[in-house]
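Only one structure is covered here, and it is reproduced in the block below.
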Amino acid sequence: MIEIKNLHANVEGKEILQGINLKVNAGEIHAIMGPNGSGKSTLANVLAGHEGYEVTEGSVSFNGKDLLDMAPEDRAREGLFLAFQYPVEIPGISNATFLQTALNEIRKYNGQPELSPKEFLDLIKEKSEILNMDSSLLSRAVNQGFSGGEKKRNEILQMLTINPKLAILDETDSGLDIDALKIVSQGVNAFRSDDNAVIVVTHYQRLLDYIVPDFVHVLFHGKIIKSGNKDLALELEEKGYDWLTKGSLETQNV
Amino acid sequence: MASKTKNANAKSWYIDNFFDFQKKLNGQSGSFINESRIEAIDKLKNTDFPTLKDEEWKYTNITPILNHEFKSPLLTGNPEINAGLVKQSLYTGFDSHLLVFVNGIFSEEFSDLSGIPQGVTINSLNKLIETDPDLIKQYFEKVEYINTFNLVNTAFAYDGFVVIIPDNVILKKPVQILYLTGHKNETVLSAARNLIVAGENSQAKIITNYRPVYDNTYFSNFVTKVFAGDNSVIDIYKLQNESEKAYHIETTKIEQQQKSIVNHHSYSFGGKLVRNDINVKLNGEFIESHLYGLYLGNDNQHIDTHTFIDHAKPNCMSNELYKGILDDNSRGVFSGKILVEQEAQKTNAFQSNKSILLSDNAHADSKPQLEIYADDVKCSHGATVGNIDETAYFYIRSRGVPSNIAKSMLIRAFANDVLEPVNISALSETLSHQIFEHLHRAEI
Ligand SMILES: Nc1ncnc2c1ncn2[C@@H]1O[C@H](COP(=O)(O)OP(=O)(O)OP(=O)(O)O)[C@@H](O)[C@H]1O
Ligand SMILES: [Mg+2]
């Protein structure tokens, strides 16, 4: 699905990603954890094509194509989706119009016919029911005045509607109450298949009870310093990051 | 030195021209309004056109206007207008009473005055001067003067629109006034004096729509007076779509009585050099004044808005929201002055001016001025100039939306809080569409 090799990226001259290596196959779920400021969102943004980050070294291959060479919209059309840690409000554009535009642009690119308004409506109705989302949110402006939880749910609605190959969820669980967390996890699990993959960025083991990862990685200072299976998340929950990061700094100092 | 000569040349052009203009007036030369004309031209003899040294004109160089010799349509003759042009120039999708003016002169043929409710006046100033001078005399000061262009207006205005709503009448249909301007081979001066009077407890919606006959150089120079009686509600939509070579200057003076509400919406699409002055006097208690403006610039357009809000009495609120979307080499200017007089306790006055620059060569100036003499007031003002929001731009594109449509969405999002108060839904859609059209952007 995606293979990241020795990825380095700067923001405003400061190196944030310092050599990331990660391979995700179809059918897998990977969790990325790590302390605040370690570079998790930066990695997600770089993969989605944010132009504020400068890639200085490394490569990313996405289904055999050079991901770093593509504009953000082409990455999305090739099947990459990022659920934002902080979804953006867009006044004056209805949520439904926005999603319909997005979906049809992606379909056009892939040689599929555009959905008629009726087909589209049926589709988002079905998907918003999975997420227990109030249909009034569809006619409102994108994310405008949405509660924190509603914004996160809306990201997952977009994911379900677009049905990407690789979904990167950047702290989709933060700001969700227990019930919403379950519902959103159900949504993600409904999306999962052998043909797609998910990368979840999270601080909490709690989410991983619902979305069970195949692999857990710890990102620290722009590098993956430890990888393991789902038990690693439990261990982190118990011990925090200190036992890992101290070692990492020592190795760095050598 | 050069500008001094230009100033003098332009003045003597208008002064010399005035005699020829007077000869063409025939019947109107004896009317009360002609006394104002003569007074205005006398005053012009002793008044210079503003330069960049004038505080009120420091961002707007008017030399290009002085370089042209603009002539009254009484001297150039008026072009033939056909129904097709009128039709394509109108805002549609809703019923309206219609007044059409060609180079500032009323065209009865293309206007639609049918179905005007009893007692309501929707008509041409020139006609009313003949038929009912006493009705309008009371509302006209001899010379409305806040700048030198007003003198040119008063001297050369032959006509204008008049809307008078009697007490307790709610006008259901909006009034649309179409100003068609331009001449095939002359640089024409369209000067008009307009009047809106809303009686006590009355309500009206008025749309002024400025369009070219030919896409060439002309000068629209207007003065509009608005009286909002006790408890009245007036919505004014100024929709400026002049030719891209046109000069457009309008002074709007609004006087509000107690408990009245005025919503002034200004959309500036066309014009090469545009200057709007909007002066509001809140002359009673519990008044609301809402001023919304959206100005769009492309090429070398220069769009200048000056507002002056005079809070004269307590317990009123004014709210100004002006937004500029500036592309290419265009420049947007906003200057907003708020005066809170000593008596005007418990005033709420808000002002916001935001611009986005779509190109490196676009430019925006913003100048808030507060003068507050009362102590119990809430005033706020804010001005921002920025580029398109990169995070939002990335967010939209990350959903597969191409960059040009993503930009259009952000432009629409930026304009949203100005568009939202437009309470004629077909009009709001058309204006939204016009934003993309004017900026040569993809529709969404
Ligand atoms: N646009 C930017 N400008 C300046 N610094 C930035 C920018 N984006 C990220 N950074 C810096 O890069 C580092 C990594 O940030 P990032 O958002 O990737 O962390 P994170 O691991 O997602 O943290 P969190 O868990 O708090 O979300 C931080 O030090 C942050 O301040
Ligand atoms: Mg983050």
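The values are calculated or read from the model by the stated rules, or taken from the named source; none is laboratory data. This structure is a prediction, so every number in the text was calculated from the model and none was measured. Glycine also receives a Cβ, built like all others from the backbone with ideal geometry; neighbour counts cover every protein chain displayed. Only protein heavy atoms, including side chains, enter the accessible area calculation; ligands, DNA and RNA are left aside. Shrake-Rupley method; radii C 1.70, N 1.55, O 1.52, S 1.80 Å.
Restricting the search to helices (runs of 4 or more DSSP H) fully inside region B:83-173 and requiring at least 2 residues that are without any contact (Cβ under 8 Å) to a residue 12 or more places away in the chain gives B:83-89.
In the set (1) more than 15 Å from ligand 1 (Cβ to nearest atom); (2) in contact with a Phe, Trp or Tyr (Cβ under 8 Å, 6 or more places away or on another chain), the condition left unmet by residue A:173 is number (1).
Filtering region B:382-400 to residues that are crowded, with 17+ Cβ neighbours inside 10 Å and in a strand (DSSP E or B) leaves B:383, B:385. Considering the conditions (1) surrounded by 21 or more Cβ atoms within 10 Å (Cβ to Cβ); (2) part of a loop (DSSP other than H, G, I, E, B); (3) among the hydrophobic types (A, V, I, L, M, F, W, C), residue B:280 is excluded by exactly one of them, (2). Does region A:21-28 include one or more residues that are open to solvent by less than 60 Å² (accessible area, probe 1.4 Å) and within 15 Å of ligand 1 (Cβ to nearest atom)? There is at least one residue in region A:21-28 that is open to solvent by less than 60 Å² (accessible area, probe 1.4 Å) and within 15 Å of ligand 1 (Cβ to nearest atom). If I filter region A:174-201 down to residues being outside any helix (DSSP H, G or I) and more than 26 Å from residue A:78 (Cβ to Cβ), which single residue comes out as nearest to ligand 2 (Cβ to nearest atom)? Applying the filter and picking the extreme gives A:174. Region A:57-171 holds strands (runs of 3 or more DSSP E) entirely within its bounds, and those carrying 2 or more residues that are within 13 Å of chain B (Cβ to nearest Cβ) and under 22 Å from residue A:201 (Cβ atoms) map to A:80-83, A:166-170.
What are the residues in region A:78-107 that are within 16 Å of ligand 2 (Cβ to nearest atom) and open to solvent by less than 10 Å² (accessible area, probe 1.4 Å), if any?
Correct list: A:82, A:83.
Among the criteria (1) of a type in the set (D, E, K, R); (2) within 13 Å of residue B:394 (Cβ to Cβ); (3) within 16 Å of ligand 2 (Cβ to nearest atom), the one residue A:73 does not fulfil is (3). Contact map, region A:36-56: first residue free of Cβ contacts under 8 Å to residues at least 60 places away in the same chain and open to solvent by 60 Å² or more (accessible area, probe 1.4 Å), second residue more than 8 Å from ligand 2 (Cβ to nearest atom) and among the hydroxyl-bearing types (Ser, Thr, Tyr), Cβ cut-off under 6 Å, separation 6 or more or different chains; the map is empty. Quick check, is residue B:370 part of a strand (DSSP E or B) and either at pLDDT 95 or above or touching a Pro at 6+ places or on another chain (Cβ under 8 Å) (or both)? Taking the combined requirement at face value, the residue satisfies it.
In summary, residue A:62 fulfils each of the numbered conditions (1) within 17 Å of the chain's Cα centre (by Cα); (2) closer than 30 Å to residue B:415 by Cβ; (3) more than 16 Å from ligand 1 (Cβ to nearest atom); (4) of a type in the set (Phe, Trp, Tyr) with the single exception of condition (2). Filter region A:192-242 for residues that are on the phi > 0 side of the Ramachandran plot and open to solvent by 70 Å² or more (accessible area, probe 1.4 Å) and give the result. The one that is on the phi > 0 side of the Ramachandran plot and open to solvent by 70 Å² or more (accessible area, probe 1.4 Å): A:221.
The combined condition, being open to solvent by less than 20 Å² (accessible area, probe 1.4 Å), over 19 Å from the mean Cα position of the chain (by Cα) and hydroxyl-bearing (Ser, Thr, Tyr), is fulfilled by residue A:245. Name, by its number, the condition in (1) in contact (Cβ under 8 Å) with a residue 60 or more places away in the chain; (2) within 16 Å of ligand 1 (Cβ to nearest atom) that does not hold for residue A:7. That leaves (1) as the condition not met. On inspection, residue B:29 passes the criterion of being assigned to a helix (DSSP H, G or I) and over 25 Å from the mean Cα position of the chain (by Cα). Just one of the listed residues (B:116, B:38) is surrounded by 15 or more Cβ atoms within 10 Å (Cβ to Cβ) and either at positive phi or in contact with a strand residue (DSSP E or B) (Cβ under 8 Å, 6 or more places away or on another chain) (or both), namely B:116.
Can you name the residue in region B:403-418 that is touching a residue at least 60 places away in the same chain (Cβ under 8 Å) and of a type outside the set (Gly, Ala, Ser) and is also most open to solvent (accessible area, probe 1.4 Å) among such residues? Steps first, answer last, please.
Step one: list which residues in region B:403-418 are touching a residue at least 60 places away in the same chain (Cβ under 8 Å), which gives B:411, B:414-415, B:417-418.
Among the residues that remain, those that are also of a type outside the set (Gly, Ala, Ser) are: B:411, B:414, B:417-418.
Details: B:411: 0, B:414: 32, B:417: 60, B:418: 0 Å².
So, considering only residues that are touching a residue at least 60 places away in the same chain (Cβ under 8 Å) and of a type outside the set (Gly, Ala, Ser), the one most open to solvent (accessible area, probe 1.4 Å) is B:417.
Taking each residue of region B:419-433 that is without any contact (Cβ under 8 Å) to a residue 12 or more places away in the chain and looking for partners that are in a helix (DSSP H, G or I) and of a type in the set (A, V, I, L, M) with beta-carbon atoms closer than 7 Å, six or more apart or interchain, yields B:428/B:419. The residues listed here are B:353, B:361; of these, the one that is assigned to a loop (DSSP other than H, G, I, E, B), away from every other protein chain (no Cβ under 14 Å) and modelled with pLDDT of 95 or more is B:361. Filtering region B:164-187 to residues that are under 18 Å from residue B:228 (Cβ atoms) and open to solvent by 70 Å² or more (accessible area, probe 1.4 Å) leaves B:167, B:168, B:170.
Which of the residues that make up region B:209-223 are assigned to a strand (DSSP E or B) and open to solvent by less than 10 Å² (accessible area, probe 1.4 Å)? Across region B:209-223, the qualifying residues are B:209, B:210, B:219, B:220, B:221, B:222, B:223.
Please find, among B:156, B:222, B:161, the residue that is touching a Ser or Thr at 6+ places or on another chain (Cβ under 6 Å) and closer than 22 Å to residue B:128 by Cα.
Details: B:222 fails: touching a Ser or Thr at 6+ places or on another chain (Cβ under 6 Å); B:161 fails: touching a Ser or Thr at 6+ places or on another chain (Cβ under 6 Å).
On inspection, the qualifying residue turns out to be B:156.
The set of residues from region A:60-81 being among the hydrophobic types (A, V, I, L, M, F, W, C) and in contact with a Ser or Thr (Cβ under 6 Å, 6 or more places away or on another chain) comprises just one member, A:76. The residue of region A:15-48 that is farthest from the other protein chains (Cβ to nearest Cβ), among those that are within 13 Å of ligand 2 (Cβ to nearest atom) and among the β-branched types (Val, Ile, Thr), is A:32.
Output the residue which, of all residues in region A:10-24 that are without any contact (Cβ under 8 Å) to a residue 40 or more places away in the chain and assigned to a strand (DSSP E or B), is farthest from residue A:216 (Cα to Cα).
First, the residues of region A:10-24 that are without any contact (Cβ under 8 Å) to a residue 40 or more places away in the chain: A:12-14, A:23.
Right, trim to assigned to a strand (DSSP E or B) and you get A:14, A:23.
Numbers: A:14: 27, A:23: 12 Å.
Taking the candidates together, the pick is A:14.
For first residues located in region A:207-222 and closer than 17 Å to residue A:45 by Cα and within 16 Å of ligand 1 (Cβ to nearest atom), partners that are part of a strand (DSSP E or B) and among the polar types (S, T, N, Q) and lie 6+ apart or on another chain with Cβ distances below 6 Å form the pairs A:222/A:18.
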